[in-house]
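The structure appears right after this line, and notes come after that.
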Amino acid sequence: MFKFMVLWIGTLLFFMASANHASVPQVVVTIKPIHALVSGVMDGVGTPHLLLSGGESPHSYSLRPSQIRRLHAATLVIWVGPTVEIFLDKTLTTLSDKTQILRLIDEPGLNLLKIRKGKVWESHHHHEHHDSEFKIDPHIWLSPDNAKVIVQTIAQTLREINANNAVRYTTNATRLVKQIEQLDQTLKQQLVSIKDFPYLVFHDGYQYFEHHYGLKTRGAVTLSPETRPSVKHLRQLRAR
C-alpha cells in the first residue's frame, strides 16, 4: 500500500510539473536589449529565447533552419520592427495564427524620433524605403521612458497569453520600471558634468539616449554600420 501511495504521489507531481511547464509561453525575442526587458518581466516564470546573441547584425542576418523552427513553435515573438530586424519581416508572415507577434515600434505611448539627416549626418538610410516607419529612428529602447512603456507592453501581452502567471508579470514589471527609474537618476547625475561637451559617434544609434539626457552630439561617421561613409561626409566631419 505504501509503495502504491509513493508511486501515485510521484506520478501526480510529474503531471503537475508537466502541466505547469506547458502553461509557460514559449517566447522568442530578437535582440539583446529587448531580451533583457522580457527576461525581467518573465523572471520566475520562464526564460525567453534570444534569437541573435549579440555579435550578429540584425540588418543583414540570415536565419538558420533551427531558428525558423523555433519561431514556428513560439507562443509569442517580440521584435522592434522591420527597420531593425530586416531579416525577420518575411518569415513572420509564414507563422501560424497560434503565434502572437508583438511589434514594439507600433505601440502607443512611445516617444518616437525621426532619423537625423543632412550635413554631419549621413543623408540616406541603408535601406531606401518610402514608408513612414523607415523615417523613424528605431533605437527606441535607449530612452528610459520608452523602456518603461516597453516593459508594461510586454507585461500586458504576457498576462493576456498566460493569465495563470498574471500577478507575477505585474510584480516583475513594477520592479523593473523602478529599476529603470533608479538607473535614469544615476545616469542624470553622472552625465550632468559633460552635457555641453561636443562629440562624434561612429554609428548614429544613440539619439534617444542623447535626447533624454540633453547630450551634445555633433555628428556621426555613418547612419548604418553596414554603409561606408562618403568622402564628402568625412570631409564635413573633419571640418567640424
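The values are calculated or read from the model by the stated rules, or taken from the named source; none is laboratory data. As the structure is a computational prediction, the values presented were derived from the model and not from experiment. Reconstructed Cβ throughout: ideal geometry from the backbone, glycine too, with neighbour counts over all protein chains shown. Keep in mind that these areas ignore ligands, DNA and RNA; they rest on the heavy atoms of the full protein, side chains included. Shrake-Rupley method; radii C 1.70, N 1.55, O 1.52, S 1.80 Å.
Observations on the structure shown:
- Computed on the range 154-240, the Cα convex hull volume stands at 112 Å³ per residue.
- Taking a Cβ cut-off of under 12 Å around N165, the surrounding Lys, Arg, Asp and Glu residues balance to a net charge of 0, with basic ones at +1 and acidic ones at -1.
- Gyration tensor verdict on the range 27-98 (Cα atoms; rounded if a/c is under 1.5, prolate if a/b is larger than b/c, oblate otherwise): oblate
- The listed residues Y199, Y213, Y206, once ranked by accessible area (1.4 Å probe) with the largest placed first, stand as Y206, Y199, Y213.
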